[in-house]
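First the structure, in the form of structure tokens, and then the observations on it.
The values are calculated or read from the model by the stated rules, or taken from the named source; none is laboratory data. Bear in mind that the values here come from a model prediction, so they are computed numbers and not experimental data. Note: ideal-geometry Cβ built from the backbone for every residue, glycine included; neighbour counts use all protein chains shown.
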Amino acid sequence: MNTPLAYFLSWHAYGTWLPGHYRGYVDDEHRQFGEAFADADPKIVLAVQQEMSHPVFRLDEPRRVAVQEAVDEVCRYRGWQLFAFNARTTHAHAVVAAAVSPEKVLGDFKAYATRRLRRDGLADADSRVWATHGSTIYVWQPGHFNAVLEYVVARQGVPMTPPPIDRREPGR
């Protein structure tokens with residue numbers, strides 16, 4: 001079996017990108033990489049908002065830094081290679097190489113980040129921090145690897161403090 005160069009992972013904070021979102025959303029029929037999102041539907045957004053069990057969770061600067069520190073920590077602990085990371089107000093992206101499934105990596109990122117946020121007093125013990133699931137894309141080609149690095153590091157708006165990780169080539 002071939003090994004991907006890396007995984008490109010994205011995940012949202014709880015309540016920040018709901019089904020029906022005005023920019024589109026992923027559903028069972030719209031889940032392939034490069035495929036268009038499902039069309040926006042304000043009725044779906046309203047229905048999901050009414051069913052939410054916790055308030056929306058946003059990542060301010062201290063929370064973004066805590067999430068980055070947690071992702072760095074889990075990568076060091078597990079021996080995974082983190083090439084790029086960027087947390088925004090509503091979501092986070094990472095480019096990482098690991099000898100486990102991308103779902104395992106994403107689950108560990110979310111778990112470590114949640115523990116760090118709670119430990120640092122940035123999330124209550126009963127807060128719902130992350131949306132269910134996330135995006136797990138396999139990166140096979142060097143050109144795609146460079147494109148996702150550039151997207152994570154340079155195309156996310158105002159840079160984080162500390163700056164996002166940028167470790168360019170896999171294996172170097």
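When the residues of segment 1-28 are filtered to those that are surrounded by 15 or more Cβ atoms within 10 Å (Cβ to Cβ) and β-branched (Val, Ile, Thr), the one that is modelled with the lowest pLDDT is 26.
In the condition set (1) of a type in the set (A, V, I, L, M, F, W, C); (2) more than 20 Å from residue 14 (Cα to Cα); (3) not in a helix (DSSP H, G or I), residue 145 is compliant with all but (3). In summary, residue 123 fulfils each of the numbered conditions (1) more than 29 Å from residue 2 (Cβ to Cβ); (2) at pLDDT 90 or above; (3) surrounded by fewer than 18 Cβ atoms within 10 Å (Cβ to Cβ); (4) not basic (Lys, Arg) with the single exception of condition (3). Among the residues of segment 40-81, those that are under 18 Å from the mean Cα position of the chain (by Cα), among the aliphatic types (A, V, I, L, M) and either assigned to a helix (DSSP H, G or I) or at pLDDT 95 or above (or both) comprise 59, 65, 66, 67, 70, 71, 74.
Does segment 96-107 contain at least one residue that is outside any helix (DSSP H, G or I), buried (at least 16 other Cβ atoms within 10 Å of the Cβ), in contact with a Ser or Thr (Cβ under 9 Å, 6 or more places away or on another chain) and not charged (D, E, K, R)? Yes, segment 96-107 contains at least one residue that is outside any helix (DSSP H, G or I), buried (at least 16 other Cβ atoms within 10 Å of the Cβ), in contact with a Ser or Thr (Cβ under 9 Å, 6 or more places away or on another chain) and not charged (D, E, K, R).
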